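Laboratory data are not the source of any read-out in this text; all were calculated from the coordinates shown. All values reported here derive from a predicted model rather than from experimental measurement. Cβ sites come from the backbone with ideal geometry, for glycine too, and all protein chains shown count toward neighbours.
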Amino acid sequence: MSSMDKAENVKEQYRDDSNLSIRIKLHAKHSTNKQGLNPWLFEKYSFFEGCRILELGCGNGEQWQNRIPKLPESCMLVLSDLSEGMVKTVWEKYSGCKNFLALQSDIQKLPFPQSCFDVIIANYMLYHVPDLPKALSEVKRVLKNGGTFYAATNGNGGMRTFLLNAFRQVHPNLETAFGKTYSFNLQNGREILSEYFDTVQRCDYEDSLAITDTQDLIDWLKSTISISTYREEHLDKLFVYFEEIRKREGVICIPKETGLFICR
Ligand SMILES: C[S@@+](CC[C@H](N)C(=O)[O-])C[C@H]1O[C@@H](n2cnc3c(N)ncnc32)[C@H](O)[C@@H]1O
């Protein structure tokens, strides 16, 4: 098991939405694809009148901002997360919306009878789950026959390769989490999901980062400390390394590898 899916690290990391918000901020401020990931995701999702939607590992529910009232008539939306702090955040944000519920639950043991939902979403969270087969069996159990499962995730290249290279140059003796592959990623996702679904489509979102403020990148790294192998004391030298790139090139360009699996 890696530091990314160790239960106590994941709990600590997502006790509340402060770490996640820092990471969302980096992408919102410095991404080169101006469409934005959430508008792109909502182009891919198919919702219909009366649709029952469940999101697992919803985090702070950012993707639903200003979108719940635009769902088709009589849709029901359940946002759920393992973290009570995240559930509290989404409840505070959206409890005024019609047909909305927020619920604390573990994807590995869902508190629903079988065939309840038309759509289930699990974005950027399957790689944190210790028992992925159990989680996906649960998704399949509570999804209606003919329903759709959406799972966004990252690839093993992109940011990870860039950051691994930086760590190798600055802290060559430090083993970093960026050297380990995600347990569920863009490269292996189709094969994993095909065990549970008849069709699995992979859609890539083309994007990169062009960072003009080095501290934003350091804050991003700091926010991942509880699910990483490096510590705060390593960040000062990394700041100097990244700042040199920024001064030399004007921006720190980092590729991204991210996308969505659509499963039926
Ligand atoms: C990287 S965040 C992604 C949040 C959100 N889906 C997004 O795309 O912004 C991962 C989330 O998964 C949640 N999580 C981790 N393990 C989980 C589990 N076993 N069951 C449900 N949620 C889990 C965490 O608490 C955290 O909120």
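Annotations for the structure displayed:
- Selected residue (only one of T153, T181 is β-branched (V, I, T) and not in a strand (DSSP E or B)): T181
- Count of the stretch 116-146 residues which are assigned to a loop (DSSP other than H, G, I, E, B) and either loosely packed, with under 14 Cβ neighbours inside 10 Å or near the ligand (Cβ under 9 Å from one of its atoms) (or both): 7
- M159 being within 9 Å of the ligand (Cβ to nearest atom) and closer than 20 Å to L41 by Cβ: no
- Among residues of the stretch 1-45, those that are basic (K, R), under 22 Å from K180 (Cα atoms) and out of contact with any helix residue (DSSP H, G or I) (no Cβ under 6 Å at 6 or more places or on another chain), counted: 2
- Conditions (1) touching a residue at least 12 places away in the same chain (Cβ under 8 Å); (2) more than 24 Å from D207 (Cβ to Cβ); number of the one not met by P255: (2)
- Strands (runs of 3 or more DSSP E) wholly inside the stretch 5-110 containing at least 1 residues that are of a type in the set (A, V, I, L, M, F, W, C), within 12 Å of the ligand (Cβ to nearest atom) and surrounded by fewer than 20 Cβ atoms within 10 Å (Cβ to Cβ): 100-104
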